[in-house]
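What follows is a single structure, written as structure tokens, with notes after it.
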Amino acid sequence: MAFRVVVLVSGSGTLLQSLIDAQATAGFGARIVAVGSDRSGIEGLERADRAAIPTFSHPLAKGADRAQWDRQLTDLVAGYQPDLVVLAGFMKLVGSAFLERFGGRIINSHPALLPSFPGMHGARDALEYGVRITGSTVFLVDEGVDSGVILDQAAVEVRDDDTADTLHERIKVTERELLVRVVQRLAGHPWRIDGRKVRWDD
Ligand code: GAR
């Protein structure tokens, strides 16, 4: 049986698209069984529709009970019985119910070399700080902000004429490849966490 993946998105969904494209190739070993979002009407959900993947959206209304939103999101995702949950540009922090249910099986992709520049603006913050090398990180989600065990990283050089947008776009090129590689690896190999390190038992 294929390794079942639920992907959560908030925006354009180009990372999602790289996973959709990868699952059409031999040897990927994972299948996206649903795509969810905290926003409706976004390109990410349309990408899933075009690939005939079931979708759901679960917005967090202003002033709403965040813990309840998190429990409902947990139930929605659990309905698809995922082996792995991929946060691919999902701009909400998941809460304790979600972590309790899927902990150790949630990964996120970040446009910077963690632990540097966590948060919502990884590419911009790295550029403003003046680093010469930045990149992307795929990591296991824990209760902190971008603080979980690092699964893999890829480096990107900063150019003198970069803006936050040009840098982020170049990072996303590496980020897409990195995410596909990590999901394929998680789907196909036994792995375990040893302190802050992932051990691939192969
Ligand atoms: C990606 O760069 C991802 O790392 C970032 O949003 C972008 C989504 O792009 N996520 C975060 O910054 C989360 N902290 P996409 O919508 O084109 O896939």
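The values are calculated or read from the model by the stated rules, or taken from the named source; none is laboratory data. Note that this is a predicted model, so its numbers are computed, not measured. Counting neighbours? That spans all protein chains shown, and the Cβs are built from the backbone with ideal geometry, glycine included. Remember, those area values only see protein heavy atoms, side chains included, never the ligands or the DNA or RNA. Shrake-Rupley method; radii C 1.70, N 1.55, O 1.52, S 1.80 Å.
Scanning the stretch 88-100 for residues that are open to solvent by less than 30 Å² (accessible area, probe 1.4 Å), among the hydrophobic types (A, V, I, L, M, F, W, C) and in a loop (DSSP other than H, G, I, E, B) turns up A88, F90, V94.
The residues of the stretch 113-123 that are of a type in the set (A, V, I, L, M, F, W, C) and in contact (Cβ under 8 Å) with a residue 40 or more places away in the chain, listed by number, are L113, A123. For the stretch 71-87, does any single residue satisfy the condition of being open to solvent by less than 40 Å² (accessible area, probe 1.4 Å), part of a loop (DSSP other than H, G, I, E, B) and within 15 Å of the ligand (Cβ to nearest atom)? Taking every residue of the stretch 71-87 in turn, none turns out to be open to solvent by less than 40 Å² (accessible area, probe 1.4 Å), part of a loop (DSSP other than H, G, I, E, B) and within 15 Å of the ligand (Cβ to nearest atom).
The single condition among (1) within 18 Å of L19 (Cβ to Cβ); (2) more than 12 Å from the ligand (Cβ to nearest atom); (3) surrounded by fewer than 22 Cβ atoms within 10 Å (Cβ to Cβ) that I150 does not satisfy is (1). May I ask you to list the residues in the stretch 142-163 that are touching a Ser or Thr at 6+ places or on another chain (Cβ under 9 Å) and either closer than 14 Å to V182 by Cβ or part of a strand (DSSP E or B) (or both)? Once the filter is applied, which keeps residues that are touching a Ser or Thr at 6+ places or on another chain (Cβ under 9 Å) and either closer than 14 Å to V182 by Cβ or part of a strand (DSSP E or B) (or both), the stretch 142-163 yields I150, L151, D152, Q153, A154, A155, V156, E157. Pairing each residue of the stretch 181-202 that is within 18 Å of G103 (Cβ to Cβ) with any residue that is aromatic (F, W, Y), provided the two are 6+ apart or on different chains, yields C-beta distances under 6 Å for W191/W200; V198/W191. Condition first: buried (at least 19 other Cβ atoms within 10 Å of the Cβ), more than 7 Å from the ligand (Cβ to nearest atom), in contact (Cβ under 8 Å) with a residue 40 or more places away in the chain and under 15 Å from A164 (Cα atoms). Can you find one or more residues in the stretch 124-137 that meet it? For the stretch 124-137, residues buried (at least 19 other Cβ atoms within 10 Å of the Cβ), more than 7 Å from the ligand (Cβ to nearest atom), in contact (Cβ under 8 Å) with a residue 40 or more places away in the chain and under 15 Å from A164 (Cα atoms): present.
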